[in-house]
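Enquirer: I have a structure I would like to understand better, so I am pasting it below and will then ask my questions one at a time.
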Amino acid sequence: MKVAVPDWQGRVSPVFDVAEQVLLVDLDNEGGNRQVESLGSTAPHQRAQRLAELGVKVLVCGAISWPLEALLASGGIQVIPLVCGEVEEVVQAFRDGTLEDERFAMPGCCRKRRQVRRRHRRGGPTHEDIE
């Protein structure tokens with residue numbers, strides 16, 4: 001399963017809609033193969049199409065517009081929004097199921113709001129939850 005995290009100088013890009021690149025992590029692989037991919041266009045439908053072409057199943061990101069989030073969801077990509085922090089720490093937290101930790105919450109975004117947007121999941125999703 002491929003997880004994408006928009007990367008801006010080693011941190012989760014604050015707004016996915018304008019992020020220039022994503023780090024792709026293949027969690028099916030023991031070491032978690034990694035590659036950086038350019039997103040190119042900022043047009044929402046092209047962004048959604050690019051992630052689908054890359055085989056992304058989960059996008060962990062900062063802020064994201066509702067229209068782009070809906071496009072991704074309609075294409076079968078789960079979106080985990082309102083996340084901030086160092087990209088490597090966020091990837092590890094996703095693996096461990098600790099992404100709901102307050103230290104990964106975007107400033108100004110309270111935990112309750114993040115849980116509501118994720119349909120009241122108890123605990124953070126892990127790659128086992130997605131498969």
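The values are calculated or read from the model by the stated rules, or taken from the named source; none is laboratory data. Everything numeric in this text was worked out from a predicted model, so none of it was measured. Every residue, glycine among them, receives a Cβ derived from its backbone with ideal geometry; neighbour counts consider all protein chains shown.
Enquirer: Could you tell me which numbered condition Val90 fails, if it satisfies all but one of (1) part of a helix (DSSP H, G or I); (2) within 23 Å of Gln46 (Cα to Cα)?
Expert: (2)
Enquirer: Also: For region 49-82, what are the residues that are among the small types (Gly, Ala, Ser) and within 19 Å of Gln21 (Cβ to Cβ)? Give the derivation first.
Expert: Here is the first cut: in region 49-82, the residues among the small types (Gly, Ala, Ser) are 52, 55, 62-63, 65, 70, 73-76.
Answer for region 49-82, where residues must be among the small types (Gly, Ala, Ser) and within 19 Å of Gln21 (Cβ to Cβ): Ala52, Gly55, Gly62, Ala63, Ser65.
Enquirer: Here's a follow-up. Taking region 58-89, which residues are over 9 Å from the mean Cα position of the chain (by Cα), closer than 10 Å to Val12 by Cβ and β-branched (Val, Ile, Thr)?
Expert: Correct list: Val87 only.
Enquirer: I've got another one for you. So which of Glu86, Glu100 is under 18 Å from Val3 (Cβ atoms) and at pLDDT 95 or above? Show your work before the answer.
Expert: Details: Glu100 fails: at pLDDT 95 or above.
None of the other options fit; the residue is Glu86.
Enquirer: Still on this structure, please answer the following. For region 35-58, what are the residues that are exposed (fewer than 15 other Cβ atoms within 10 Å of the Cβ) and part of a strand (DSSP E or B)?
Expert: If the condition is that a residue be exposed (fewer than 15 other Cβ atoms within 10 Å of the Cβ) and part of a strand (DSSP E or B), then Gln35, Val36, Ser38 are the ones that fit.
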